Amino acid sequence: MARITLILTLITLIMNSCSCTKKQALPCGTSQEGTMTIERTEKVVAYYPDFSRIDLVCGTMPSQQEESVIFCAEGAFTHDLLDEFAHTNIDGDHVSGGKRYTGAQCKDNSGAFTWTPDGGWKLTVGDYSKALDEAAAGGGMGFGQALIVTDGKAVKPLWRSGYNEYRALCEKDGKLCIVDSRGSVWYGEFVDRLVGYGVTWAIYLDMGPGWNHSWWRDGNGKVTEIHPQATRSKYCTNWITFYK
């Protein structure tokens, strides 16, 4: 009996140790990293970049040696697995570096995110062709994606299902942020987490193995990779990129 008790005690200690280690690795709370504020709750991790401009970088992922870049992640969907980059292989028309490009048709794109130096950011629900024209004319950027949350409520019906680690570009309390799920969840649960976190709107950002590799830079220039274990796919086509 004493032996069984000892074994159970050891198991409990090991489980508690693992639990503490996990909590210490990703503690809940808010941290200020110079160019980035990170808020971690039990359900999401939110990145708030302190940026001066945004662009949609196409073709080649921003290098970690580009010191002006403080955050980058996959934006629009990639249509096909092509060995060579083409703007027509990005799902939906898009604006990069102030120039509009024709992309592939995508039925899942239910809105768009745009940004211009003078006008700031904007979410467009539905047809976003005019918004892209305005972004191009204003020397900005923009891309189409699937809407997740509008006016603080989940977009129904849900456009997808599946169990994965999810990411969205959001606005919360008047601030722009990128919100990741903490671990893999069902898509519907991720939407509920965004609503529970209190975002005003959210638009999907492409994820999945090879597409989830992303990184951010703190105020001292140190780069932290998100999903560092992921090997970036050679088929990635575009990245929403924030500059200090």
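The values are calculated or read from the model by the stated rules, or taken from the named source; none is laboratory data. The model shown is predicted, which means the values in this text are computed figures rather than measured ones. Glycine gets a Cβ as well: all are built from the backbone with ideal geometry, and neighbour counts include every protein chain shown. What goes into the accessible areas is simple: the full protein's heavy atoms, side chains included, and nothing from ligands, DNA or RNA. Shrake-Rupley method; radii C 1.70, N 1.55, O 1.52, S 1.80 Å.
Here the condition is being of a type outside the set (D, E, K, R), in contact (Cβ under 8 Å) with a residue 12 or more places away in the chain and farther than 19 Å from H213 by Cβ; of F51, F85, F77, F71, it holds for F51 alone. How many residues does the range 111-127 contain that are out of contact with any Phe, Trp or Tyr (no Cβ under 9 Å at 6 or more places or on another chain) and within 19 Å of W201 (Cα to Cα)? Selection size over the range 111-127: 5. Only one entry in T237, T241 is under 12 Å from the mean Cα position of the chain (by Cα), of a type in the set (S, T, Y) and over 20 Å from V44 (Cβ atoms), namely T241.
Just to be sure, is R160 open to solvent by 40 Å² or more (accessible area, probe 1.4 Å) and in contact (Cβ under 8 Å) with a residue 12 or more places away in the chain? For R160, the condition - open to solvent by 40 Å² or more (accessible area, probe 1.4 Å) and in contact (Cβ under 8 Å) with a residue 12 or more places away in the chain - is met.
For A146, the criteria (1) closer than 16 Å to T237 by Cβ; (2) open to solvent by less than 40 Å² (accessible area, probe 1.4 Å) hold in every case but one, which is (1). Reported count of residues in the range 166-176, each being free of Cβ contacts under 8 Å to residues at least 60 places away in the same chain, surrounded by fewer than 22 Cβ atoms within 10 Å (Cβ to Cβ) and in contact with a Phe, Trp or Tyr (Cβ under 7 Å, 6 or more places away or on another chain), is 1.
Among the residues of the range 192-229, those that are at pLDDT below 90 and farther than 25 Å from L158 by Cβ comprise H213, P228, Q229. Condition test on D133, is it open to solvent by 10 Å² or more (accessible area, probe 1.4 Å), touching a residue at least 60 places away in the same chain (Cβ under 8 Å), within 19 Å of S96 (Cβ to Cβ) and not small (G, A, S)? For D133, the condition - open to solvent by 10 Å² or more (accessible area, probe 1.4 Å), touching a residue at least 60 places away in the same chain (Cβ under 8 Å), within 19 Å of S96 (Cβ to Cβ) and not small (G, A, S) - is not met. Taken over the range 160-186, the criterion of being more than 17 Å from V45 (Cα to Cα) and in contact with a strand residue (DSSP E or B) (Cβ under 8 Å, 6 or more places away or on another chain) is satisfied by S161, G162, Y163.
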